[in-house]
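The structure under discussion appears below in the form of structure tokens.
What follows draws every value from the coordinates through simple rules; no lab data is involved. What you see is a predicted model, and the numbers here were worked out from it, not measured in a lab. Ideal geometry is used to build each Cβ from the backbone, glycine not excepted, and the neighbour counts take in all protein chains shown.
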Amino acid sequence: IPVKFTGRVASCLEVHRGGRTFYNVGIEFKEMTDSGRINLEEYLKYIQESLV
């Protein structure tokens, strides 16, 4: 799902789990097209439903 936006990294936290290192990154969206916003909402809904 393509999403084009202008933003910035608002937070970045290093997480250690199972002997591996991950990064939780928070993005502040500055500019996004309406179609990009819809695509992002659909993707996030898909992810949430996959976790149930």
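Of note:
- Charge dipole of the chain (Cα centre as origin; +1 on each Lys and Arg Cβ, -1 on each Asp and Glu Cβ, all else neutral): 200 debye, rounded to the nearest 20.
- Length gained when the stretch Glu41-Val15 is fully extended (0.36 nm per residue, less Cα-Cα span): 6.8 nm
- Dipole of the chain computed with +1 at Lys/Arg Cβ and -1 at Asp/Glu Cβ about the Cα centre; of Ile47, Thr21, Phe5, farthest Cα towards the positive end is Thr21.
- Computed over the chain: relative contact order in percent, which uses C-alpha pairs under 8 Å that are six or more apart: 40 percent
- Loop-located trypsin sites (Lys or Arg not before Pro) across segment 1-33 with a Cβ neighbour count of 16 or fewer within 10 Å are Lys4, with loop assigned by DSSP.
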